[in-house]
Amino acid sequence: QVQLVNSGGGSVQPGGSLSLSCAASTRLSLFNAMGWYRQAPGKQREPVATVTSAASTNYADSVKGRFTITRDNAKNTVNLQMNSLDFEDTAVYYCYVQNYAVKYWGKGTLVTVSS
């Protein structure tokens, strides 16, 4: 089973930037899609950004134009660059990889936007 290890995250003021990285223990090319979800306090987990094996990307409306997802097949990492962060972006961010209908999850990393 694939292991996913997150790095990055932390605290930032509104308008700031953070980056997240998710390292997979196996080749990303084995998976159809990968990306990030997030779960804010008291809310359900929601998709944030996805990149497919064909390098097609998709973003939640709330992050379009601010977040960028990339994948590095050589390093087996999926990265999320987050710019212009706002209070509503505060959440635990989870990376995942997907093989057909099965998702494998990382443990999550906290992103806090506060003044």
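So how long is each side of the chain along the principal axes, counting just the alpha-carbon atoms, biggest first, in Å?
41, 24, 23
Divide, for the stretch 1-40, the radius of gyration over alpha carbons by 2.2 N^0.38 Å, where N is the residue count.
Against the compact-globule rule of thumb, the ratio is 1.45.
Take the Cα of Ser11, step 7 Å along the line toward its Cβ, and report every residue of the stretch 32-67 whose backbone nitrogen sits under 20 Å from that point.
39-42
Here, each number is a calculation from the coordinates, and none is a lab measurement. Keep in mind the model is a prediction, meaning the values are calculated, not measured. For neighbour counting, all protein chains shown are included, and Cβ atoms are generated from backbone atoms with ideal geometry for every residue, glycine included.
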